[in-house]
Every structure is written in C-alpha cells, then in structure tokens.
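Undergrad: Sending over a structure as structure tokens; questions will come in a sec.
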Amino acid sequence: MTEQSSRQRSKSEISISKGWVQGVALVLVFGFMVMGVLAYRTYTDSMPMPQQVVSEDGEAVFTQEEITRGQNIFLTRGIQQYGSILGHGAYLGPDFTAEYLRLSSEHITDLLEQQGVQEPAAATSEMQRTNRYDEESGTLVLTDEQISAYQELQGYYADFFGDPTTANGLIPNAITDPQDIHDLTAFYAWTAWASAAERPNQNYSYTNNWPAEQRVDNHPTADILVWSAISLVALLVGLGILFAIYGRWSAKLGWKGNDTTSLKFLQPGEVGITKAQRSTAWFFLVVALLFLIQATVGASVEHYRVELQGFFGFDLAQIFPFNLARTWHVQLSLLWTSAAFLAAAIFLAPIISGREPRGQHLLSYGLLGALALVVVGMFGGTAISIYGPEWADGSPFFSQQWEYLDLPRFFQVLLAIGLFLWFLIIFRAIRSRLRTESKFNMPWLFVYAALAIPAFYAVGLLATNETHLTVAEFWRFWVVHLWVEDFLELFTTVMVAYIFVMLGVVRRRIAIQIILLDVILYSSGGVIGTMHHLYFSGTPVEHMALGAVFSALEVIPLTFLTVEAWTFLQLGARQESRTKAPFPHRWAVMFLVAVGFWNFLGAGVFGFLVNLPIVSYYQIGTSLTANHAHGSMMGVYGMLAVGLTLFALRYVIPPQKWPERLAKLSFWSLNIGLAWMMFATLLPLGVLQLWASVNEGYFEARALGYITQPGNVALEWMRLPGDVVFLVGGVLPFVYITWLGVRYGVKATVNRMEPETLFVEEHPEAREDRTGNPEAALAVSTSVSGTVPSSRYASDRRRDEEGEETTP
C-alpha cells in the first residue's frame, strides 16, 4: 500500500468531533428509555376496561367483548373520521365521549328529580364520579340510573346512525343492526365512565377530568395548570440557552456557505442520469396526481361544514359521505408526501455512490407498482369498510383502522413491507460507498435516516382494532408524531443537506453537523413530546407532565431554523452571484425556505398553542387542531415534497422544456392558498370554538349545531378563494410539470458519475473536503491533465483501477 493511499484510507474516519455522536447517543438513549418506562405505565395503569359491567343486582349490562366489538365498529365504519373519541378523531361530528357524558348526566338528573331527590345535580355528579370498579374481579357496577341512561342512549344512537337521510353527513342508514348499536353505545359508555370516575386515591378521573363538564364536576386539575406553567418556563429557558449558544458559536453552527469555493454549476442537460433516476419521473407524476386528488377531496370535506346535504345542489353524502372523504384526504396526505421522499432518495442514491447497480430501475418500478396497489387498496378497502356490507365484516382487506392508520390491515402490512424494500433498494445503491466510510459520515447518516422510515411506521402495527384504546393511542402516535414529525424530519434534513453538498454550496463537515444538531434538537423534545397527544387518553398523569414539558421544547429547533432561514436562502444566491452559470434550483430552494417558515409557524407557534395542557383541555378536536395540522403537514411536508420533486425533475426535464414560470406560479399559489386557508378560516374559527368551549362548554362547542351557525358558516365560505388559488394556481401547474418529466424526460445515458457533485469547478480545499484527498495539488492538476484523483471511497478506487472513465 502506498503512502498516498494510506493517507486516503485514513480519511474514512468521522469528519467531525466525536462529541457530536456522543450527544446524539445520549439524547436518543435517554428519550427512548423514558418512552419505555411510559409504555410500561401505559399497559399497567391506564383506564381499566372491565371484564363485565353489571347492575347493583349483578345483572349483566355489557361485557368487555362487547366494548371491544363496539370499538371495532367505531373504527371500521369510519366513525372516527366523522367525530372523535376522547378528543381524537374528526371534527364534523361530536366527540362521542363528551356527548355520552352530557346526555347520560342529564338523563340521570331528570330521573333523580322525578324521585324527589334534593339537589339532583349534586347527586348526579357524585354518582358519576364514584368509582365502582373492582380491580380483582374486573367488574364495574353501574347504578340503576346509569343503566337507564345507557338504555336511553341506545335508542338515541339507533336514531342517529339509522337516519334514512344524509342530514348528519353520513350515508343513509349507516348503522342499523341492534347488536351493533348496543356494542357501539357500550364503547361510548365505557369512555364516558372513565372520563368521570375518579382514579383510586385521586380526586380526578382517569382522563384527568377531561372533558370539561360541570354536570360531573369535571374541571382542569392542578396538574393541568401547573404543568402548563412549567412547560412555558421550560420553553423560555430553552430559548435563552439556544440564543446564548448561538451567540457564542454562531460561526460554527447552522448553514454556512462554502465561501472559499468558486463554483460553476452543471446545468440541466449537462448532467447524465441513470435508469433508476429516469424512473422517478413516473413516481413524481403519481405523487402529483395523488396530491391533486387529496386537495380536491379536501375541498369536499370543507364543503360539508357549510352544506351538509348539498354540494352546490348535489347530495354528495349519498355516494361520498364525509367520513369517507376525510379518510381519503388524510391517507393521501401521508401517501403522496411519503412517495415523494422515497422517489427523491432513489434519485439521490446514484449521485451519493457514484454508480448504479445493475437492474436498480426494475426495483424502482416494482416499488412504484406496490405503491399503486396500496393506494388502490386504500380507496377500495376504506370505502367498502364504511359502507359495511356483511360479506366484508372482519376482512383484513376491508376493515378500516385507527385515524391516520386507516389502511385495512393487509395494505398496512404491505406498505410496511414496501418501505423496508425501499430501504433495501437505497442500501443496494450506496453500499459500495459505505465500505470505507466512518459509521457517522454522510452516507451512513443517509442509511440510518432511511432505515428509520420503515422501522417507525411498522410500530403502528401494534395498534389493532382490538387493542385497548389507550394502548392503541400510545402506539399509533408513534407513527403520527415520531414517524412524521421526528424521523421524516430527520430524513428530509439529511436529503436537503446532501443536496447542498452535491451542489458544492456546503461542506460535508458542516452538513454532518447540521444533521446531528437536528437529531439532538428535535429528539430532545420530540421523542418524549409524543405524549402531548395522550393528555386525556386514560394514561397516568406522568404522561401529561412529561409530554407538556418536552413538547414545549420542540419549539426550540424550529426557532433555530427560523434564525438560520436567511442564511439558508442565500446559499445558492451567493454562488450564483460569483459565476455566469445560473443556480439551477431557485424554486426548489424557495420551497425549502417555505418549509422553514411553515415549520416555525404551523408546527411551532400553532403546535405549541394547542399542546399546552390547559389549552388542549378546552380545544382538542376543534378547528385549532385542524389549523395546526394543515400548517405543519402541508406547510412542512407538502412544501418539502414539492421542492424535492422540482430538484430531481430539473435534471430529468430537458432545459428547453423546463417551465420556470409555472414553478414560480406553483410556489406562490400553494403558499398564498395555504395561508388564506389558515388565516381566513381555520384560525379564527378555532379561536371562536375555543372561546365557546371555555364559556359555554366543550359539548356545545363540538356540537353540529354550533359548527353550522350562520357566523361560522360565513367564515367557512371565506376559505373558498384560497382553495381555488391553491388548486388552480398551485396544484395543477405542479401536475403539469411532473407530466413534462414523463413526456419529455431525457434518456438515461450513464450508470457512473462523479460522486456527490453537481458542479464542475471547485476550490482545492472543497475537493479535499468532498473526496477526502489531502493532496490539494492533485485536484488543481486535474483541471489541467483531466485525471481524476483517487478517492477514499472503495467504489471510486475500484473504478480507477479498472481504468473506467468518469461520466459527469
């Protein structure tokens, strides 16, 4: 081995201080250790599900099996995509826990009045709060008045779900079987009992006194108030520490441009693409079409809030009820954004490795086919599940599941398998690059982040339709929060950092620091902060305490990103100003800047607003939740998906066919439309709904009658112009751009390329940073002799030994 190659191989060591790695390890180990303890507590001390519910005479009222079957009906018939249970679900229908608690309490009070009981309201509260559950026998005893209320509400729900019209936004005769109504009411009754009955040796209920209900003396607990205050203090302290650290080490933290490097960017048309990269054009077209369907269905979901039985004169609920529309809207939002990230990773993999394995494009097309099968299964399976034919009962192909995990079981498993196959495709593409790399350099970070995508989605398989509600909530929010808000965030940070390394705008060392800093900041709050979803789901109080404090800390990395947004925006502009060759990714970068804006506003500000326990106590399941969801999901992951798509398609679409003006139109229309949607409708309506919840009651604020009040309907109509701008000016141009990628995409001409570079002139120090070659003079001589210097990567050295020519 020569002295030069020895030096090159030594460069496989980690490019930054090991202190960064130790910091990441400490944060992740601590976070998941705490989550392990909370998982144990969830299984052992959540609200109990009784083996049987009996009268004071021992006569059976309903059983655990019937409660579980009622939960299954609630999910498979899409009721959680119409209303909510314990605050979680859709926002058109009522919260069925709060509704049952209110109606049963009123019924009990009426009975007590008829019996001549003095102060029947106080007696009702005492009756509902008294815990008659025997843990040893698993038996819950209800009073005669509570049983009478249960029987009365069976009739109420039989009328509600058996309505032959679409007056409630559901299909006619949605649920008519008496046993189904019996079991569904048992499920509601169980959650309502847990929301009022006091925990043993405590003065608050299993759900921390949620929902707010004067008739059972449900009011904010001391824990809710105290931990809200502590979380505010934690946020202020965290922000102070952030700005102190940033002020001291700002020169070493964040997005720092490669100021010493003069670059000439390879223009689209000068960059050869591989067959797998060419295949991503079809991915992106499918992504855009799913986006179009999702946005259009979302418009119909919104219209139900202004016209329950008329979609501009057409009774849409006859064939496309609200709960089916919302199911598709939510699932498509996850599918199209995730598919864009998968395709972007496939596109980047050959650039990372410098080569593409044989047959990689076939695997890519196979993955696209699997995605199409999942989408078709989602459309058909959820529709059949909601309509509920007897032949589909219990089928893994046609049984809808928990909100956000709505895919029928077979297609959920298929999607998880597909994500693991996608990881193998990525690993196969860059494994030659990994052999001589430190386990914490960028190629390996790319692999770790990619592996987290299927791993944390698969956790959702633990939440089945028969799983105890509280336990299911714990695991499904690993997907909703950890998968979406933490590890997808990490994966996209890795991809964005890699893109700027490839463009020569950021040094590898800086990019690695950004990625590890992202892991530390996001995971410090994000992992344990998952528990802010479970304040009122029947978990022990420590879930609320830890969830409140650590979810407040999630605002800190979003603040850091906002501080760094201007530097991020200038990365490409600085290089563009130094060369005649234009920066080819203006609008892709603009979408990434928009991600930073919406990350801070939608996920940070509006997320923190709804995550404070005292605010969440009154607003959960209102339009403030929807406001946060749209700002964070579309504002962050939607904009990011579009930006990554434009980046890849810039090299697939021939330069003469690239529609720069349409990319600009799409950018401004999507952002203006989203802002209009939130500030004209969702935010003001959410504030009014929060006020009504505090002033009048949570039950009143969630009632269909409140939502359809004339003033609220006027606010809903104000959203229409923003929806038109979003769809016509934003989504349609994006669809057309992706169509150009399929229709006019350049031919695949290479299977090897210069690793990690999309530029052709670089300063010697920059080349050393990218390739690991300390001989800067060799890099300078390359521009004269045309000989590519040896790299520290095994794949590059094998290529050099074979005498193969590098294709730019």
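The values are calculated or read from the model by the stated rules, or taken from the named source; none is laboratory data. As the structure is a prediction and not an experimental result, all values here were calculated from the model. Backbone-built Cβ (ideal geometry, glycine too); neighbour counts: all protein chains shown. What goes into the accessible areas is simple: the full protein's heavy atoms, side chains included, and nothing from ligands, DNA or RNA. Shrake-Rupley method; radii C 1.70, N 1.55, O 1.52, S 1.80 Å.
Undergrad: Over the Cα atoms of the range 259-346, how large are the radius of gyration and the largest Cα-Cα distance (Dmax), in Å?
TA: According to the Cα coordinates of the range 259-346, Rg and Dmax are 20.1, 65 Å.
Undergrad: Among DSSP beta bridges whose residues both lie in the chain, state the antiparallel percentage, nearest 5.
TA: Within the chain, antiparallel bridges account for around 75 percent of the total.
Undergrad: Give the accessible surface of the range 343-422 per residue, rounded to a whole number of Å², with probe radius 1.4 Å and ligands, DNA and RNA excluded.
TA: 37 Å²
Undergrad: For the cross-link pairs 664/747; 439/747; 264/664, which exceed 28 Å when the distance is taken from alpha carbon to alpha carbon?
TA: Beyond 28 Å between Cα atoms: 439/747.
Undergrad: Could I ask something else about it? Looking only at Cα atoms, what is the convex hull volume of the range 673-713 per residue, in Å³?
TA: Hull volume normalised by residue count: 64 Å³.
Undergrad: Now for a separate question. Give the carbon-plus-sulfur fraction of the accessible surface of the chain in %, rounded to a whole number; probe 1.4 Å, heavy atoms of protein chains only.
TA: C and S fraction of accessible area: 61 percent.
Undergrad: For an R0 of 51 angstrom, estimate the FRET efficiency from the Cβ-Cβ distance between residue 668 and residue 198 and round to the nearest 0.05.
TA: E(calc), rounded to 0.05, equals 0.40.
Undergrad: Work out, in µm²/s and without decimals, the Stokes-Einstein translational diffusion coefficient of the range 231-384 at 37 °C, 0.692 mPa s, Rh from Kirkwood over C-alpha pairs.
TA: Result for D is 163 µm²/s.
Undergrad: Right, another one. Give, as a single signed number, the net charge of other residues whose beta carbon lies under 15 Å from the beta carbon of residue 222, with Lys and Arg counted +1 and Asp and Glu -1.
TA: Charge balance near residue 222 sits at -3.
Undergrad: If you place +1 on the Cβ of every Lys and Arg and -1 on the Cβ of every Asp and Glu, how big does the dipole about the Cα centre of the chain come out, in debye to the nearest 20?
TA: 5340 debye
Undergrad: Working from Cα positions, state the angle (0 to 90°, nearest 10) between the long axis of helix 660-676 and the longest principal axis of the chain.
TA: Roughly 30 degrees, rounded to the nearest 10.
Undergrad: In addition: Enter the angle in degrees (range 0 to 90, nearest 10) between the Cα long axis of helix 275-303 and the first principal axis of the Cα atoms of the chain, meaning the one along which they spread out most.
TA: 30 degrees
Undergrad: Based on Cα coordinates alone, diagonalise the gyration tensor for the range 351-440, multiply each eigenvalue by 5, take square roots, and list the semi-axes in whole Å, largest first.
TA: The equivalent ellipsoid of the range 351-440 has semi-axes of 37, 13, 8 Å.
Undergrad: A further question on this structure: Is the C-alpha gyration tensor of the range 503-551 telling us rounded, prolate or oblate? Criteria: a/c under 1.5 is rounded; beyond that, a/b larger than b/c is prolate, otherwise oblate.
TA: prolate
Undergrad: Output needed: percent of Cα pairs per 5 Å distance bin for the range 1-159, bins running from 0 to the one holding the longest distance.
TA: Here the calculated profile for the range 1-159 is 2, 7, 10, 13, 14, 12, 9, 5, 4, 4, 4, 3, 3, 3, 2, 2, 2, 1, 0, 0, 0.
Undergrad: Using the Karplus curve 6.51 cos²θ - 1.76 cosθ + 1.60 with θ = phi - 60°, work out ³J(HN,Hα) for each residue of the range 107-121 in order, rounded to whole Hz, and write x for Gly and Pro.
TA: Using θ = phi - 60°, the values come out as 5, 5, 4, 4, 5, 5, 4, 5, 7, x, 5, 6, 6, x, 5 Hz.
Undergrad: Something else now. Any idea how far the Cα center of the range 342-405 sits from the one of the range 479-552, in Å?
TA: If you average the Cα positions of each part, the centres end up 25 Å apart.
Undergrad: Under 9 Å from the Cβ of residue 351, count the other residues' Cβ atoms, weight Lys and Arg +1, Asp and Glu -1, and hand me the total.
TA: Once positives and negatives cancel, what remains is -2.
Undergrad: Taking a ≥ b ≥ c as the square roots of the Cα gyration tensor eigenvalues, with a/c under 1.5 meaning rounded and otherwise prolate when a/b beats b/c, else oblate, which class fits the range 394-538?
TA: oblate
Undergrad: Separate question: Please compute, for the alpha-carbon atoms of the chain, the extent along each of the three principal axes and give them in descending order in Å.
TA: 103, 54, 44
Undergrad: Sticking with this one: Multiplying the sequence separation of residue 714 and residue 137 by 0.36 nm and subtracting their Cα-Cα distance, what value in nm do you get?
TA: In short, 202.3 nm is gained.
Undergrad: Which percent of Cα-Cα pairs in the range 574-716 sits in each 10 Å bin, short to long?
TA: Percent of Cα pairs in each bin: 11, 32, 25, 16, 10, 5, 0.
Undergrad: Roughly how far apart, in whole Å, are the Cα centres of the range 68-122 and the range 217-232?
TA: 24 Å
Undergrad: How many angstrom lie between the Cα centre of the range 281-331 and the Cα centre of the range 26-62?
TA: 36 Å
Undergrad: Please give the contour-minus-distance gain from residue 244 to residue 724: 0.36 nm per residue of separation, less the Cα-Cα distance, rounded to one decimal in nm.
TA: Stretched fully, the residue 244-residue 724 segment lengthens by 168.4 nm.
Undergrad: Expressed in nm to one decimal, what extension gain is obtained for the pair residue 232 and residue 159 from 0.36 nm per residue of sequence separation less their Cα-Cα distance?
TA: 21.7 nm
Undergrad: Under a Cβ-Cβ cut-off of 9 Å, what is the net charge of the residues other than residue 385 that fall near it, where Lys and Arg count +1 and Asp and Glu count -1?
TA: 0
Undergrad: Between 0 and 90 degrees, rounded to the nearest ten: what's the tilt of helix 360-387 against the longest Cα principal axis of the chain?
TA: For 360-387 against the chain, the angle is about 10 degrees.
Undergrad: Putting +1 on Lys and Arg Cβ atoms and -1 on Asp and Glu Cβ atoms, find which of 221, 94, 23 reaches farthest to the positive end of the dipole of the chain.
TA: 23
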